[in-house]
Amino acid sequence: MAWSADAPLANVPWAALVVALPLLAALVASVSLRAARLLALPVGLLGLLVTVAASVQVAMHGPSRVHVGGWWPPLGIALRLDGLGCALLVVSSLVALGAFAAGRSRFGAQAARQAWAFWPLSFCLLAALNAAFVGADLFNLYVALELLTISAVALVALEGSAAAVAAALRYLLFALVGSLAYLLGVVLLYARHATLDLQALGQLPSGGSDVALAAALISVGLMAKGALFPLHGWLAPAHAAAPAPASALLSALVVKAPFLVLLRVWFEALPALPDAVFSQLLGVLGAGAIVLGSWLALRQERLKLVVAYSTVAQLGYLLLVFPLAAGPGRETEWAAAAWTGVAFHALAHALAKAAMFLAAGDMAQALGHDRVAGLAGLGGAMPLSAFAFALAAVSLMGLPPSGGFTGKYLLLTAALGSGQWWWAAVMLAGGLFAAAYLFRPLSCMLADARPELAVRVPRRRQAVALALAFAAVVLGLLSAGPFALLAGSWPGEAPP
């Protein structure tokens, strides 16, 4: 990158810094537990500052690319910053900061063995996430997703119980199948085009049965890694078994990285490939996720399982971007609205779900269990956690003025504007389902009762979940800036 005195922010390799910083922290944390605890909050804050600075650069000067070591593709590693990637970087930094703050309290001296694993794994997971958000070629995205999987599987098994180990093994099995499918698809694409750079692939013809097969394999692999319906079987057990700070990272962020790569493949690398039938099929899978995930969440008796199956349902909204924005209709203004709406939904879901898992973890530790029927009166005993859970529920249900409302409103307008009213009906039904399965625990928390707390959870730890829940609401209140950033990353024609 050439030096420019007029644009000093553009001279800093932000895309490389967001990956290098947590990797260095992981190295330090693997050597010294004391240093890991001391570094957790400074690394989280510095990561947030770096991602905000990168977003300012993109907002002011547009997308940018960095070629690590000065080698250009296909020999070198290309990293790029755009609006969608920057927005996810900022949200991942916020969630990671919250998880690190909760982890400092959760993994104290009595949990030293777990802490030795939690901190290096969490830093590695954040580095892998950031690498996936800025990756610009399919092979390096594969490397990022593998590091992400290894770190996430180990975090699921952190408690060491039989249920946690079983959940981690199930996750690992799904992830391995996904890795094989993804890698096979990448090999087929490379055999056809001799490049894996997303920008270069987007400029090449994407016809042919071999390219279609490669895209299908890559999609199946990413759907398995991202727990997208019907390959969601690992998600709920894994998220319920992991410690609350790890669950927040898993549910809020880990499942977003494969979906972002899925968007990169279909909208940037192979924009001419998806047809109406394929797009509608992915929409049907999204609708199935919304209905089935909501139904399963309604039936659960444990709070963490309710929240976990809610993730299955909320991820279904992400797949609706394909019938609304991919294929023949991608040049309409509704396609751009759908793209921005799905991105908003992903950001709001990350903040709200992290808050919800942290709040649920605090409640479970205080009570000694997480049975929904045993939450009676917890709103009075733990008002900060209950308020955090309620605020997060507002965003997940898509109620104003939250970020979840902004995302779902944009998706609704895109569905109605494009004449695909059936997707609007699915979204409205999903909102009603969300209200139903979230009302159960909320009604128990607000019941007139005096619960017996086994442990007193510090208020400062409860405040972490509340801060993330507030962030999900603030995202909707101050949506103009994020909207401009996300809309600028739309890879199709600019809307009229």
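Amide H contacts of Arg371: Leu303, each under 5 Å away and 5 or more positions distant or on a separate chain (H built 1.01 Å from N in the peptide plane; Pro and chain starts excluded). Once the C-beta distance of Ala59 and Leu453 is scaled by a Förster radius of 56 Å, the resulting FRET efficiency is 0.75 to the nearest 0.05.
Using the Cα centre of the chain as the reference point, and only Cβ charges (+1 on K/R, -1 on D/E), how large is the resulting charge dipole? Debye, rounded to the nearest 20.
Details: 25 positive and 17 negative charges, 299 e Å.
Around 1440 debye, computed over the chain.
The label-point distance for Ala35 and Ala162, in a model that sets each label 7 Å from Cα toward Cβ, rounds to 4.0 nm.
Relative to the present Cα-Cα distance, how much length would full extension add between Phe439 and Trp421 at 0.36 nm per residue of separation? Don't skip to the answer; put the middle values down first.
On the way: separation 18, 0.36 × 18 = 6.48 nm, distance 2.72 nm.
Extra length available between Phe439 and Trp421 comes to 3.8 nm.
Global dimensions of the range 169-313 from alpha-carbon coordinates: Rg and Dmax equal 16.5, 52 Å.
Provide the gained length on full extension for the span Ala20 to Leu298, in nm with one decimal, where the gain is 0.36 nm per separating residue minus the Cα-Cα distance.
Full-extension gain reported as 95.9 nm.
Equivalent ellipsoid semi-axes for the range 289-489, as square roots of 5 times the alpha carbon gyration tensor eigenvalues: give them largest first, rounded to whole Å. Provide the component values of the computation, followed by the final result.
Working: eigenvalues 222, 61, 25 Å².
Listed largest to smallest, the semi-axes of the range 289-489 are 33, 17, 11 Å.
Site pair Ile150 and Asp275 shows an inter-label distance of 4.1 nm when each label is modelled 7 Å from Cα along Cα→Cβ. Note on the chain: dipole from Cβ charges, positive end direction compared against Gly178, Leu324, Ser32; the farthest Cα belongs to Ser32. Dipole size of the range 115-261 about its Cα centre, with +1 on Lys/Arg Cβ and -1 on Asp/Glu Cβ: approximately 180 debye, rounded to the nearest 20. Placing pseudo-labels 7 Å out from each Cα toward the beta carbon at Ala373 and Val68 gives an inter-label distance of 5.2 nm.
For the chain, the membrane-span-like helix rule (DSSP H, alpha carbon extent of at least 18 Å along the helix axis, mean Kyte-Doolittle at least 1.6) picks out 14-29, 138-156, 162-193, 383-397; this says nothing about an actual membrane.
Over the Cα atoms of the chain, Rg to Rh with Kirkwood Rh, two decimal places? Walk me through the numbers on the way to the answer.
Numbers: Rg = 21.3 Å, Rh = 22.4 Å.
Here Rg/Rh amounts to 0.95.
With contributions of -39500 (n - 2.57) from each DSSP H run of at least four residues, the per-residue ellipticity at 222 nm computed over the chain stands at -24000 deg cm²/dmol.
Quick check: residue separation of Val187 and Leu213 times 0.36 nm, minus the Cα distance between them. What number comes out in nm? Mind dumping the intermediate values first?
Details: separation 26, 0.36 × 26 = 9.36 nm, distance 1.11 nm.
Taking 0.36 nm per residue and subtracting the Cα distance, the gain is 8.3 nm.
Put +1 on the Cβ of each Lys and Arg and -1 on the Cβ of each Asp and Glu in the range 289-489; which of Thr406, Pro441, Ala381 then has its Cα farthest toward the positive end of the dipole? In the range 289-489, that residue is Ala381.
For the range 289-489, what is the charge dipole size about the Cα centre, in debye to the nearest 20, if Lys and Arg each add +1 at the Cβ and Asp and Glu each add -1 at the Cβ? Write out the running numbers ahead of the final one.
On the way: 13 positive and 7 negative charges, 100 e Å.
For this selection, approximately 480 debye.
The relative contact order of the range 178-296 comes to 31 percent, based on Cα pairs under 8 Å that sit 6 or more residues apart. Of the chymotrypsin sites (Phe, Trp or Tyr not before Pro) found in the range 202-286, not one falls in a DSSP loop while having at most 16 other beta-carbon atoms within 10 Å. Sorted ascending by nearby beta carbons within 10 Å, beginning with the fewest, Trp116, Trp490, Trp72 become Trp72, Trp116, Trp490.
Each of Leu222, Val265, Ala248 was scored by the projection of its Cα onto the charge dipole of the range 147-291, and the greatest displacement toward the positive side belongs to Ala248; charges sit on the C-beta of Lys, Arg, Asp and Glu.
The numbers here are math on the coordinates, done by the rules we state, and not lab data. Note that the coordinates shown come from a computational prediction; the quantities given were computed from them, not determined experimentally. Virtual Cβ from ideal backbone geometry, glycine too; neighbours counted across all protein chains shown.
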